[in-house]
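Since the structure comes first, as structure tokens, the remarks are kept for the end.
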Amino acid sequence: MRRGLVHAMAWTLSTAAAVTLSWWGVHTVMSGTAYDPPLAVPLATQPLSSSTQGSDPPPSASASPSGSASPSASPVGSASPSSPAKPSQKPSAAPRPSRQQEEASQGDVKGYSVSGGRVVFDLGESSAELVSATPAAGWRMQLWKQDFWIRVTFTRDGREVSVFCTWHDHAPVVEIDER
């Protein structure tokens with residue numbers, strides 16, 4: 001019996017050590033990656049032009065919610081409210097976008113499909129931002145960002161496709177180079 005417990009304890013300790021070492025290794029590798037979370041492009045509050053929407057907002061957008069709110073179930077032992085909460089009659093004002101968001105929303109979002117994948121830039125008047133870069137199946141992607149240019153390169157089997165966006169002393173220009 002004692003021998004069985006010693007073997008079980010040794011197995012448990014070695015398994016715990018292996019799991020800890022594996023977790024630490026994966027965590028170290030993943031924290032050192034160049035992964036940037038995706039960035040959302042700010043949208044304008046009103047569309048500039050649309051064939052599906054007229055100049056007046058639809059009545060449902062400006063109407064206040066109707067109907068009565070029903071009280072929610074309360075935990076045992078607590079007193080229920082004497083009257084249900086009433087919805088606010090005045091809709092809250094939408095937060096005003098910051099100057100940086102307004103400048104970004106004035107940009108022109110353009111996508112470029114190449115044999116190695118797809119790159120999307122938000123092209124402003126004097127700068128650009130990378131919205132997304134997605135490699136095609138079997139392709140690898142590298143990304144370089146500097147103050148006045150962005151380069152996205154897709155590679156596969158000795159082929160290289162680069163998408164450059166530059167804007168130093170001029171409006172953003174996108175160039176594609178295939179080798």
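Rule-based calculations on the coordinates, nothing more; no lab input. Computed from a prediction, not measured in an experiment: that's the story for all the values here. We place every Cβ from the backbone using ideal geometry, glycine too, and count neighbours over all the protein chains shown.
When only the Cβ of Lys, Arg, Asp and Glu is charged (+1, +1, -1, -1), the dipole of region 107-179 relative to its Cα centre reaches about 420 debye. Label sites at K110 and L13, each approximated as a point 7 angstrom past Cα along Cα to Cβ, lie 6.6 nm apart. The simple spin-label model puts a point 7 Å past each Cα toward its Cβ; for E160 and R179 those points are separated by 0.3 nm. By the beta-carbon count within 10 Å of each Cβ, the least crowded to most crowded order of M9, M1, fewest first, is M1, M9. A crude spin-label estimate for the pair M1 and H170, with each label 7 Å from Cα along the Cβ direction, gives 8.7 nm. A dipole drawn for region 107-179 from +1 and -1 charges on Cβ atoms has a positive end, and of W144, V173, G117 the residue lying farthest that way is G117. Stretched out straight at 0.36 nm per residue, the stretch from V26 to R118 would grow longer than its current Cα-Cα span by 30.2 nm.
Note on region 107-179: Kirkwood hydrodynamic radius from all Cα pairs is 12.2 Å, rounded to one decimal.
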